Amino acid sequence: MEPELDVWVHPELRAAAAAEDWAALLRAWRKLTRSSQTRLGGLLGLAQSDVSAIENRRRAVTSVEVRQRIIDGLGVPVELLGVRQEGLPLPSLVLPGVVSEADGERLAGVRKGGLRLDAASVDAMDALLAAHRRAEDTVGSRAVAPLVTAQFRAVAGLHGQARGALADRVVRLLAEYAQFLAWMAQDQDNAAVALGWFDRSYDWALESGYGDMAATTMSMKAHLAWSGGEGRRCARLGEAAAATAGASAATRAMAVQMAGRGYALEGERGAAYARLDEAQRIIVDAVDAPPWLYFYGESWFAAQRGMADLHLRDWDGAVGNLTAGLAGFTPAFRRDRAWYGACLAHAYAGAGEAEAALTTALGVVRDASEIGRPHAWTELHRVGALLLRRGSREGRTLVDALAELD
């Protein structure tokens with residue numbers, strides 16, 4: 001099995017190659033290509049037992065011959081080999097085409113103190129953050145969070161060099177980093193860390209006059225409340241976010257739909273659908289989405305409306321909206337496809353369509369296991385439990401499939 005064409009753009013794999021961490025590299029490559037140890041061994045000319053020993057660090061790759069087999073067999077890009085984290089312009093991954101050679105040299109010089117921080121350097125840092133946001137959609141927060149944390153520290157360390165308008169830009173960039181780190185902590189169900197980063201992001205957004213980020217942070221706090229089952233708090237934070245001065249139309253739409261989902265969680269059907277209808281009117285005409293809402297549009301709104309339908313036990317509405325939303329997601333959005341796919345399986349189960357629930361669940365079970373823990377994974381367990389309670393044989397099939405990956 002040849003590796004997928006874009007496999008080497010994945011941060012987890014590039015990080016392992018840059019560090020020449022062969023155990024991590026083999027595990028990451030198998031996960032991304034969904035290959036067995038036997039198939040990987042065939043590419044490398046190694047026995048399955050040897051692959052297992054390397055992956056589990058019972059055997060170190062000290063032989064030049066074995067190292068070269070890995071490089072040749074997996075097509076490891078030569079520019080990654082022997083590159084240590086401290087040699088990169090920021091302690092992160094430089095994805096292909098994101099930062100030019102000239103920008104890389106400039107960032108390295110700024111970081112070492114030989115060059116002055118300038119607008120072009122901040123642009124390059126912004127490009128790195130944008131690339132890692134998109135990478136996280138595909139490989140998940142566990143792989144990306146350590147890299148972005150290191151980037152954040154490097155950017156924070158450069159703040160002292162900035163003056164005037166450039167200082168405001170750096171503070172704005174720090175607010176964006178903090179918001180992304182908060183999201184990834186939330187994705188890993190670490191509410192305390194998420195709230196800490198959200199508070200930092202909000203403070204820096206206010207300091208630099210970044211109303212759109214302040215509103216986004218408040219809206220994402222609403223999402224955190226929703227995740228914890230706090231419908232009233234979710235609605236109030238969503239309303240506050242929508243009223244924040246400087247919020248773009250797309251950000252206001254996100255905030256208003258969060259308020260709607262909070263009301264739905266509380267069982268307040270009228271208020272929920274009123275806010276969702278309002279959000280839909282806003283999102284249709286929104287043309288000024290900030291860069292961190294690159295994913296937001298009618299497909300995502302439909303999927304999120306389906307979430308409110310789930311809370312209100314409108315199973316048919318949930319199936320329709322979640323199906324419509326998922327149809328607009330590209331394959332790169334693995335985490336979101338796993339989450340909303342699990343929710344769609346729940347909607348089918350609620351509607352009594354056990355076979356459709358099982359088919360949908362099995363279609364996302366591997367992505368839910370690999371990058372959808374804990375949320376999508378937990379949702380699939382709920383679906384299995386619901387089917388079992390109703391005496392459906394499909395419930396046992398799903399629970400068995402989950403057990404194989406637990």
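Summary of values
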| item | result |
| --- | --- |
| Residue-averaged [θ]222 nm for the chain, counting only DSSP H segments that reach four residues, each worth -39500 (n - 2.57) | -23500 deg cm²/dmol |
| Where trypsin sites (Lys or Arg not before Pro) fall in DSSP loop in the range 345-406, at most 14 other Cβ within 10 Å | ARG390 |
| Overall form of the chain per C-alpha gyration tensor (a/c, 1.5; a/b vs b/c) | oblate |
| Karplus-derived 3J(HN,Hα), 6.51/-1.76/1.60, for each residue of the range 363-379, Hz, glycine and proline x | x, 10, 4, 6, 5, 4, 6, 7, 10, x, 8, x, 6, 4, 4, 5, 5 |
| Length-normalised contact order for the chain - Cα pairs under 8 Å, 6+ apart - percent | 9 percent |
| Heavy-atom accessible area per residue - the chain, 1.4 Å, Å² | 42 Å² |
| Under the Debye formula (equal points on every Cα, no solvent term), log10 I(q)/I(0) of the range 190-299 at q = 0.14, 0.17, 0.20 Å⁻¹ | -0.51, -0.74, -1.00 |
| The range 135-206: chymotrypsin sites (Phe, Trp or Tyr not before Pro) falling in loop per DSSP and having at most 14 other Cβ within 10 Å | none |
| Relative contact order (percent, whole number), the range 258-406, Cα cutoff 8 Å, 6+ residue spacing | 16 percent |
| Over the range 154-248, relative contact order from alpha-carbon pairs under 8 Å, at least 6 apart, % | 23 percent |
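The values are calculated or read from the model by the stated rules, or taken from the named source; none is laboratory data. Here the structure is a predicted model, which is why all the values come from computation and not from measurement. Glycine gets a Cβ as well: all are built from the backbone with ideal geometry, and neighbour counts include every protein chain shown. Only protein heavy atoms, including side chains, enter the accessible area calculation; ligands, DNA and RNA are left aside. Shrake-Rupley method; radii C 1.70, N 1.55, O 1.52, S 1.80 Å.
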